[in-house]
Amino acid sequence: MRKIIFGIITLLTFSCNEKPKSEFSLSGMTNGIENGAIIYLDYNNKVLDSTIVQDNTFEFKTKLPNTPMNLWIHNKDFSNYRSFWAENKPMTFNANKTDFRNAIITGSESENLSFSLYQKIDTLPRTERQKAEMEFVKNNPNSIVSASMLSLYSTTWGKEKTKELYEQFSTENKNSKFGKEITRYIELNKEPKIGEQFADFESENLNGKLKKLSDVKGKAILLEFWASWCGPCRQENPNLVKTYEKFNPKGFEIFAVSLDQDKESWLKAIKKDSLNWEHVSDLKGQKNEASLIYGINGIPDNFLIAENGEIIGRNLRGEKLNQKLKEILE
């Protein structure tokens with residue numbers, strides 16, 4: 001009996017001394033938002049939680065699976081929105097004298113770092129902005145903000161710079177979701193140039209069958225990177241259809257890689273735009289394997305490949321593409 005009582009006392013003592021786990025909470029102040037308006041908390045385009053504004057205040061209390069996490073807070077129509085780094089601890093959001101985008105958020109060291117950088121670079125020209133972002137990643141190798149940023153800009157900054165910055169990361173950062181994405185880019189990237197041989201790859205077509213770029217036979221092959229959600233891509237498609245109809249009988253082929261994530265949207269766009277050539281996608285969006293191999297940092301983009309496998313042009317469209325095909329095929 002004494003042993004049982006001692007065990008119960010020990011368990012109770014341990015339970016009382018055990019620190020409760022911190023949970024994410026966000027107390028917010030806004031201005032000019034009507035009572036009853038709903039505010040959403042998103043992660044990766046999925047709603048984690050929602051709450052109602054009352055007297056220009058709101059509050060979130062929810063469990064986050066891992067932190068720091070980059071979340072979005074916004075109203076229904078996104079007229080008010082802000083991304084921020086959340087941690088499993090009490091945080092505050094103050095937009096009572098400004099808009100959501102410039103709200104003061106406290107309680108997260110990662111958010112403090114990120115917002116300080118944003119304030120510094122917001123009005124800088126593109127080249128200076130990029131330089132400041134690279135410097136930030138270099139000076140903060142242990143921050144998840146740096147890992148996120150390097151993952152986002154790896155194809156823009158290139159393999160050499162990405163590898164240089166990645167090698168300075170902490171073990172924790174290298175093992176993070178973003179670190180693994182960077183590792184994948186470094187391992188896959190070949191970024192072939194004009195005058196070099198194309199880099200082969202395979203991906204699933206519309207019917208789920210694996211197709212290689214090398215399976216396509218033609219006197220000139222256009223490796224086209226696009227997506228259903230890409231406005232400039234869709235605007236260019238009618239011109240590409242005309243080019244294909246004119247030059248396909250003479251040996252011109254197109255192998256289109258989509259950076260879509262939603263298969264239904266991809267299929268609808270192909271049908272609506274009458275894109276009657278070979279299409280493939282792994283439905284991984286910006287992390288599409290072929291786009292990482294070729295170093296794609298914006299779409300539309302393409303590579304024109306000669307019959308011997310040499311890349312003879314990049315980002316050719318409209319009349320420039322037509323002229324090049326005339327030289328080759330006529």
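For region 161-188, how many residues meet the condition of being within 28 Å of A306 (Cα to Cα) and surrounded by 21 or more Cβ atoms within 10 Å (Cβ to Cβ)?
Summing the residues that are within 28 Å of A306 (Cα to Cα) and surrounded by 21 or more Cβ atoms within 10 Å (Cβ to Cβ) in region 161-188 gives 1.
One line per residue, one yes/no per condition, for (1) out of contact with any strand residue (DSSP E or B) (no Cβ under 6 Å at 6 or more places or on another chain); (2) hydrophobic (A, V, I, L, M, F, W, C):
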residue	(1), (2)
N173	yes, no
L188	yes, yes
F201	yes, yes
S214	yes, no
E224	no, no
D260	yes, no
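Looking at L64, L71, L48, L26, which is the one that is at pLDDT 95 or above and closer than 25 Å to N175 by Cα?
Numbers: L64 fails: at pLDDT 95 or above; L48 fails: at pLDDT 95 or above; L26 fails: closer than 25 Å to N175 by Cα.
Selected residue: L71, the only one of L64, L71, L48, L26 that is at pLDDT 95 or above and closer than 25 Å to N175 by Cα.
Please state which one of E253, E307, E278 is touching a residue at least 24 places away in the same chain (Cβ under 8 Å), among the charged types (D, E, K, R), in contact with a strand residue (DSSP E or B) (Cβ under 6 Å, 6 or more places away or on another chain) and farther than 17 Å from G208 by Cβ. Quick ask: steps written out before the conclusion?
Values: E307 fails: in contact with a strand residue (DSSP E or B) (Cβ under 6 Å, 6 or more places away or on another chain); E278 fails: farther than 17 Å from G208 by Cβ.
On inspection, the qualifying residue turns out to be E253.
If you go through region 186-203, how many residues are farther than 19 Å from N302 by Cα and in contact (Cβ under 8 Å) with a residue 24 or more places away in the chain? Walk me through it before giving the result.
Keep residues of region 186-203 that are farther than 19 Å from N302 by Cα, which gives 186-187.
From the residues that got through so far, the ones that are in contact (Cβ under 8 Å) with a residue 24 or more places away in the chain too are 186.
Final tally of qualifying residues: 1.
If K268 satisfies all but one of (1) over 19 Å from G195 (Cα atoms); (2) more than 29 Å from the chain's Cα centre (by Cα), what's the number of the condition it fails?
(2)
Looking only at strands (runs of 3 or more DSSP E) that fall completely inside region 14-131, which ones have 1 or more residues that are touching a Gly at 6+ places or on another chain (Cβ under 7 Å) and not assigned by TED's automatic domain parsing to the domain that holds K287? Even if it seems obvious, please write down each step before you answer.
Details: elements: 24-29, 38-43, 46-52, 57-62, 69-75, 81-86, 90-94, 104-106.
So the answer is 46-52, 57-62, 90-94.
Of all residues being closer than 22 Å to S291 by Cα, in contact (Cβ under 8 Å) with a residue 12 or more places away in the chain and surrounded by fewer than 16 Cβ atoms within 10 Å (Cβ to Cβ) in region 136-160, which is farthest from the chain's Cα centre (by Cα)? Just the residue, please.
Top of the filtered list is G158.
Exactly one condition in (1) farther than 18 Å from N308 by Cα; (2) modelled with pLDDT of 95 or more; (3) of a type outside the set (D, E) is false for Q286; which is it?
With (1) farther than 18 Å from N308 by Cα; (2) modelled with pLDDT of 95 or more; (3) of a type outside the set (D, E) applied to Q286, the lone miss is (2).
Say we look at region 288-326 and pick out the residues that are assigned to a helix (DSSP H, G or I) and among the acidic types (D, E); which of these is farthest from K263 (Cα to Cα)? If you could, list the steps in order and put the result at the bottom.
Taking region 288-326 and keeping what is assigned to a helix (DSSP H, G or I), we get 289-294, 319-326.
Still in the list and also among the acidic types (D, E): 289, 319.
On the way: E289: 16, E319: 31 Å.
Ranking the candidates gives E319 first.
Among the residues of region 247-259, are any closer than 24 Å to N207 by Cα and assigned to a helix (DSSP H, G or I)?
The answer is yes; a qualifying residue exists.
The values are calculated or read from the model by the stated rules, or taken from the named source; none is laboratory data. All values derive from a computational prediction rather than experimental measurement. All Cβ positions, glycine included, derive from the backbone under ideal geometry; neighbour counts span all protein chains shown.
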